[in-house]
Protein chains: 2
Amino acid sequence: MQQSDDSGAPSFNPLVVLELISDTKEEAITWLLSRIRTPQQAGGAGLLVEQLGPGVSAEHKDNPNLFLVGASWERLLSGAEDVGLFKEYSDGSMRGFTCANKHNFKDFQGDGDGFLSMAECQYIIKHELETLRAKDETHVPGYSNAKLYPGKSIIRRLLSKGILIQMFPLHHKEELKRLSFSWYKKFKLSLQPLDEIRHYYGEGQALYFGFLEYFTFALVPMALFGVPYYMFDWEDYDKYVAFAVFNVVWCTIILELWKRSSATLAYHWGTLSRKKAFEEPRPGFHGVLGYNPVTDREEPLYPNAKRQLRIYLVSLPFVLLCLYLSLYVMMIYFQMEGWALSVHDQDPSFWTGVLLYIPSIIYAVVIEVMNLVYRYAAEFLTEWENHRLESSYQNHLVLKVLVFNFFNCFASLFYIAFVMQDMVLLSQSLATLLITSQILNQFMEAFLPYWLQRRRNKKMIRKVQKRRTPGDKELPLAEQVRLEADMSTYLGTFDDYLELFLLFGYVSLFSCVYPLAAVLVVLNNVTEVYSDAFKMCHVFKRPFADPAANIGVWQLAFETMSVIAVVTNCALIGMSPQVKAYFPESETQLILWTVAIEHGLLAFKFILTFLIPDVPKHIQIKLARLEFESLEALKKKKMLEGTEFRKSVQ
Amino acid sequence: MQQSDDSGAPSFNPLVVLELISDTKEEAITWLLSRIRTPQQAGGAGLLVEQLGPGVSAEHKDNPNLFLVGASWERLLSGAEDVGLFKEYSDGSMRGFTCANKHNFKDFQGDGDGFLSMAECQYIIKHELETLRAKDETHVPGYSNAKLYPGKSIIRRLLSKGILIQMFPLHHKEELKRLSFSWYKKFKLSLQPLDEIRHYYGEGQALYFGFLEYFTFALVPMALFGVPYYMFDWEDYDKYVAFAVFNVVWCTIILELWKRSSATLAYHWGTLSRKKAFEEPRPGFHGVLGYNPVTDREEPLYPNAKRQLRIYLVSLPFVLLCLYLSLYVMMIYFQMEGWALSVHDQDPSFWTGVLLYIPSIIYAVVIEVMNLVYRYAAEFLTEWENHRLESSYQNHLVLKVLVFNFFNCFASLFYIAFVMQDMVLLSQSLATLLITSQILNQFMEAFLPYWLQRRRNKKMIRKVQKRRTPGDKELPLAEQVRLEADMSTYLGTFDDYLELFLLFGYVSLFSCVYPLAAVLVVLNNVTEVYSDAFKMCHVFKRPFADPAANIGVWQLAFETMSVIAVVTNCALIGMSPQVKAYFPESETQLILWTVAIEHGLLAFKFILTFLIPDVPKHIQIKLARLEFESLEALKKKKMLEGTEFRKSVQ
């Protein structure tokens, strides 16, 4: 029994799993493993790799082609230099790691244990696997249609041809337990252990949770401001001027300050000054073989003009059409509601009372369906646009999804606020939207996947326990790997940020007419931390670390939203009875003043953005110091060479 | 005779002149010369320096302390590496010059003749002189109040103590003749020889002239559009909607395209990817000695908080007060004009007719005086703010002067347009302002200094010719140097850009009510090219080259102006009778539509700025290629070291 248990364990510390399709040809496997094992100097990846044993519950349907990948410490350290990892130096500054002066780094002890986190090791292995390139092979052995050419990434070709199903990093049971305890299992109010999250999941994840926490704290003053408004019934819809002004200043300042906090975090995590590696073409990219003008390597090329044509002649009109459709559906909703109201007014009975709710429910369902369908369409279109780089693909996808979601969620609110000018209805709609979307989200995002995962998990444990002594609850490695391989894949922080973006929109755009919005969002965010943390730890496969230096395109999205918030809040101020009372005789004067103040505020906002430095002074000094030192070192080196040259001449 | 002629000529090619005060102590001179001559390895500048001979017209009042500085070719090449010069490589790309692989650069021929332009050599010498640092001297010999500390730039201390009067590069008579011929002496329409201007004056100057040319060409379609408006009397002040729309699109696009042209120019001149050298504190900067947190060198420090207090508590209120004053003066002008008009209406005689012009004249004079006084005040205040870096000083000065000049020049036009809503008066005022300011400018900027210079020049030639054979019109070196030392110093492109900025304002803000504005500005720009070129060549001392990669803070200024232009043009459209006719019943509707369209245009403008890449694709590829190659070289080097390491272990 024990024997079969150990057969799954390799002779090294496994970090990453490669899963090939179960009927992969033997020659392809042999070739791939030898390429991975060949030392770097001979053009291989120089990594350790072993097939995963069949495990306890070896069944016929189990995929035998799971491979564990690891590496020696020396290999990991040289890989850390390859990927340009920044580590804390003995003088407390962050420097690019090099093997040559590894002993000058702070936490480096002889063999390097504890120097690289597991997430970093996994990231290094991923990088080394992805940059394992074909030499003179013309195709993958046994698969003549999986073409290769010198310099083509082997792993990406295997992925795009479907021979490699997935590549994922393994969880570390003990670390995970420790992390989840300090993260969400202590029921006391405390900050999230961002450094530990970063240690386990990498910088991209940690920045998301950092932003979530920051956003929650930033909302607290607004929530405190909002409670008395609601409690003492100040909300007679003409006292919201103070709130709107507060809104405008608030949303400008918090975004600027976030940039600074994010820079501080990224500096201490070593991603702020880390240079981006040369991005490889994404797996789905296709084109005619040609010479890349930058690298002079042979690789598929796709004319940019053709891509631009696809974007502007197909994608853009499609998005505009969808926006129009969304507006059209909204108008139908308002017509239906008007009709339901008139029916109820003519004949107020129980059934017509129920009828009043029907339009809202239908509209909510239609919005959800439209968002879902649109998401698929956007992914298809962006794929079809054939972007060469993953980052460009992501940007185009985010833009498409963002614009449509913004329209879908806020169009009805804008219509109520500015066309119908019904503030009571606006506050009701806002409350309904906020509360329902929160409940729905938490359910769809965490509890449903958790429940599904739990069922699978229990089945596996039961299966294993059948053949083992009861009481031993730890799963053997082979089962653990298979279990993780079956978990859903975490698709990145996209949906999490999108949710925060919409919440930010509700608060910054309209919270002056429903002051409790900030309170609701704070509550939502607190539970969001728990559910997101839980789902990261127990529902999804561990994701690879993403060495992000900031929240990327989302910073721009939030800043755009804050500009829209200034315009909206000014318009709401201009429409308030309080302000209207100042201009009893002339509406024109009122509008002109509102517009003038709005322009002033926008100008002030831009000046503020300009005046607040994006990186705090003490980090700026550290960065300048590093640059200065490298300049001085260069000068000294040159001077020495000059002296040597003179000596050799004399 | 010939003897005394040659006594002024040094044994090397003189490039830069240092002028010390005439009663400088001998020991200071000896010390300075020896520090300049000491080789670099021994901590000196390693340059050649000689005192200028007395020349033909040696008079008692002539300053004897003029020193000519030059350098050997090897020294200049190593200096080129120090300053990080980019040069064309043998494969056509631009690379940072290094002495080690100098033979791989395109124009390098053995001794390097023709490889570095004279302007580059002079820039290198300036850099080497400015980075000549004190070692263990505590003060300049003979001047116990001119304190030094290790690492302090000697030249800057001499300048700030007034011992060094000036440091300037010499003209090259023949090159100058060739340049001025191809620049402005051929009376035919042709592009300016930007490469030659850059070759002689450096990148900063060449970019200014490039921008001037670009701006002129960009105005041509607008001028062509404007002529028929004026000729066929279309200008009945309600047909300017088309013009305003054209304006809005035009000013967005030209600024974006300029960024691209400027990047192309800067790439070919090697300044685009050149790294900025560590900026030294400016000569006037003072503070308490302390340790610079970046360099760890002992140098004066001045707390940033104190500077911020000075900026926000003194400078900002002062600027606001000046703006208020400017508005106040404007109101007085309008009152005076109203009063003059009423006097003329009551009693229309010749004298009251003359009286009508008096307010305009007084206002014009007052504006000029205010601009002048304010400029001094701004310089004083910015000096007093005690900025550490020259760039930060310049930015604060530009901002102060820009805001006030904008107010002074445009406030009355805005008042006429939006408060008085008198389009006829607006077009008249615009025409008057444009034409008078052009005439005044050309006179003050070029002809007056030229005339003064010419007188001095002739006196010198006459003096020399008295003692020489007639017919030999070339001045000997000693006289030429003294003549150049007496020329006015060119104070940089500030005033030239400011003038263009105001012209850009007239055209983009209001040209729809006076379509001839663009024509006038085009004419002005054509003469401006000639007068600026002339003044650069014959009126001013040669300036040091400024390795600029773009037009800096002015790009931002022009972009801000174009945003204001969008707002102004939309307001003018909204006020036109044509548009008003569409909303006969409701002014509110008209304003709301105007504001909505304005917001749409602003959003469109920002999206456009975002979509048009700042650097053209082919330059991007070249930059990426360079980066890729340096990465590959690093990898290869590491790999080789790895192999050697393995070999040595085996």
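The values are calculated or read from the model by the stated rules, or taken from the named source; none is laboratory data. Please read these numbers as outputs of a predicted model, since none were measured by experiment. FYI the Cβ positions are ideal-geometry reconstructions off the backbone, even for glycines, and counts take in every protein chain you see. Ligands, DNA and RNA are excluded from the accessible area calculation, which covers all protein heavy atoms including side chains. Shrake-Rupley method; radii C 1.70, N 1.55, O 1.52, S 1.80 Å.
Observations on the model:
- Cα centre as origin, Lys/Arg/Asp/Glu Cβ charges: segment B:16-170 dipole, Debye: 580 debye
- Taking Cα atoms only, the orientation of helix A:73-83 departs from the longest principal axis of chain A by about 50 degrees.
- Spatial separation of Cα centroids for segment B:513-529 and segment A:239-300, in angstrom: 43 Å
- Under the Karplus curve 6.51 cos²θ - 1.76 cosθ + 1.60, θ = phi - 60°, whole-Hz ³J(HN,Hα) for segment B:584-597, x wherever Gly or Pro sits: x, 8, 10, 6, 4, 4, 4, 5, 4, 5, 4, 5, 4, 5
- Plainly put, the tip 7 Å out from Cα toward Cβ on residue A:604 is 3.0 nm from that tip on each other copy, the closest given first.
- Kirkwood-based Rg to Rh ratio, chain B, C-alpha trace: 1.01
- Segment A:72-123 and segment B:391-432 have their alpha-carbon centroids 59 Å apart.
- Buried accessible surface for the B/A chain pair comes to about 3200 Å², total over both chains, computed with a 1.4 Å probe.
- Nonlocal amide H pairs with residue B:48, under 5 Å, H built at 1.01 Å: B:70, B:71, B:72
- Exam field: residue A:444 pseudo-label spacings to other copies (7 Å along Cα-Cβ), nanometres: 6.6
- Taking a ≥ b ≥ c as the square roots of the eigenvalues of the Cα gyration tensor, segment A:495-557 is oblate, since a/c reaches 1.5 or more and a/b is not larger than b/c.
- Loop-located chymotrypsin sites (Phe, Trp or Tyr not before Pro) across segment B:530-583 with a Cβ neighbour count of 12 or fewer within 10 Å are B:582, with loop assigned by DSSP.
- Given +1 at the Cβ of Lys and Arg, -1 at the Cβ of Asp and Glu and no other charges, the dipole of the protein assembly as shown around its Cα centre is 3540 debye to the nearest 20.
- The HN-Hα couplings worked out from phi for segment A:325-338 by the Karplus form 6.51 cos²θ - 1.76 cosθ + 1.60 (θ = phi - 60°) are 4, 4, 5, 4, 4, 4, 5, 4, 4, 5, 5, 4, 5, x Hz, whole numbers, x standing for Gly and Pro.
- From the alpha carbon centroid of segment B:153-183 to that of segment B:479-493 is 7 Å.
- Rounded to the nearest angstrom and listed largest first, the equivalent-ellipsoid semi-axes of the protein assembly as shown from its Cα gyration tensor are 60, 48, 28.
- Residues along segment B:546-569 losing 30 Å² or more of accessible surface when the other protein chains are present rather than the chain by itself (probe 1.4 Å): B:556
- Residues whose placed amide H lies under 5 Å from that of residue B:166, excluding near-sequence neighbours: B:19
- Taking only Cα atoms of segment A:476-633, radius of gyration then Dmax in Å: 23.6, 81
- Where A:173, B:535, B:617 fall by accessible area, highest first, once all protein chains stay in place (1.4 Å): B:617, A:173, B:535
- Low-density loop cleavage sites - trypsin sites (Lys or Arg not before Pro) in segment A:365-467, where at most 14 other Cβ are within 10 Å (DSSP): A:467
- Using alpha-carbon coordinates, inclination of helix B:350-384 to the longest axis of chain B, degrees: 40 degrees
- Under a 5 Å amide H cut-off, with hydrogens placed 1.01 Å from N, residue A:89 pairs with A:94, A:95, A:106 among residues at least 5 apart or on other chains.
- With the label put 7 angstrom out from Cα along the Cα-to-Cβ vector, residue B:560 ends up 2.6 nm from the copy partners, going from closest to farthest.
- Using the 1.4 Å probe convention, the accessible area of chain A works out to 49 Å² per residue with neighbouring protein chains retained.
- Accessible-area composition of chain B, carbon plus sulfur, in percent [1.4 Å probe]: 64 percent
- Calculated P(r) of segment A:16-170 - Cα pairs past 18 Å, %: 61 percent
- Counting only protein chain heavy atoms and rolling a 1.4 Å probe, the accessible areas of B:331, A:167 rank, largest first, as B:331, A:167.
- Contact with the other protein chains removes 10 Å² or more of accessible area, compared with the isolated chain and a 1.4 Å probe, from these residues of segment A:278-323: A:278, A:293, A:294, A:295, A:296, A:297, A:304, A:312.
- In degrees, nearest ten, helix B:241-268 long axis to first principal axis of chain B (Cα): 10 degrees
- Heavy-atom accessible area ranking, 1.4 Å probe, most first, across A:538, A:127, A:387: A:538, A:127, A:387
- Using a probe of 1.4 Å, the accessible surface attributed to residue A:182 totals some 20 Å² when neighbouring protein chains are kept in position.
- Theoretical ellipticity at 222 nm over the protein assembly as shown - DSSP helices of four or more residues, -39500 (n - 2.57) apiece, nearest 500: -20000 deg cm²/dmol
- When Rg and the Kirkwood Rh are both derived from Cα coordinates, the Rg/Rh ratio for segment A:322-413 amounts to 1.19.
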